[in-house]
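What follows is one structure encoded as structure tokens, with my remarks underneath.
The values are calculated or read from the model by the stated rules, or taken from the named source; none is laboratory data. Note that the coordinates shown come from a computational prediction; the quantities given were computed from them, not determined experimentally. When we count neighbours, we look across all protein chains shown, and the Cβ atoms used for this are built from the backbone with ideal geometry, even at glycine. Just the protein is used for accessible areas: all its heavy atoms, side chains included, with ligands, DNA and RNA removed. Shrake-Rupley method; radii C 1.70, N 1.55, O 1.52, S 1.80 Å.
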Amino acid sequence: QVQVVESGGGLVQTGGSLRLSCAASGSIFGIRIMGWYRQAPEKQRELVAFITSGGSTTVANSVKVRFTISRDNAKNTVYLQMNSLKPEDTAVYSCYADVSYTIYWGQGTQVTVSS
């Protein structure tokens with residue numbers, strides 16, 4: 001079994017920063033990719049960013065300049081550094097881990113950006 005746990009969400013003012021963390025544990029031999037999706041109320045889920053075990057990153061164009069994804073393989077943890085936050089970044093951010101082509105999800109963490 002694999003557990004994926006996010007942390008770091010919260011309330012921040014426009015222009016502020018947050019760092020989300022996501023740790024995978026359990027039977028995690030062979031983690032290929034870890035990443036983040038987000039879903040705002042009444043909107044479709046959106047891929048934010050992901051990072052491979054080799055360190056290659058992909059970040060959505062909508063946040064590329066402001067968000068950075070990184071990974072600590074030794075800790076099986078991925079980080080999403082979010083800077084210059086905007087109200088439109090308000091969403092539930094969910095982490096996932098691709099473990100040998102099986103996807104495991106965290107419970108999600110709320111990020112709210114006040115104007």
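For a straight C-alpha distance cut-off of 16 angstrom, the aspartates and glutamates reachable from residue 64 (same-chain residues fewer than eight places away being disregarded) are 46, 88, 89. Structural descriptor for region 1-56: relative contact order 28 percent, calculated from alpha carbon pairs under 8 angstrom and at least 6 residues apart. Taking every alpha-carbon pair under 8 Å whose residues sit at least 6 apart, the chain reaches a relative contact order of 37 percent. Within the accessible surface of the chain, defined with a 1.4 Å probe on protein heavy atoms only, the carbon and sulfur portion equals 49 percent.
For region 1-56, the equivalent ellipsoid built from the Cα gyration tensor has semi-axes of 24, 14, 13 Å, listed from largest to smallest. Using only Cα coordinates, the Kirkwood hydrodynamic radius of the chain works out to 14.0 Å. Each Lys and Arg Cβ is given +1 and each Asp and Glu Cβ -1; about its Cα centre, the chain then shows a dipole of about 180 debye. Entry comment: accessible area of the chain is 53 Å² per residue, from protein heavy atoms only and a probe of 1.4 Å.
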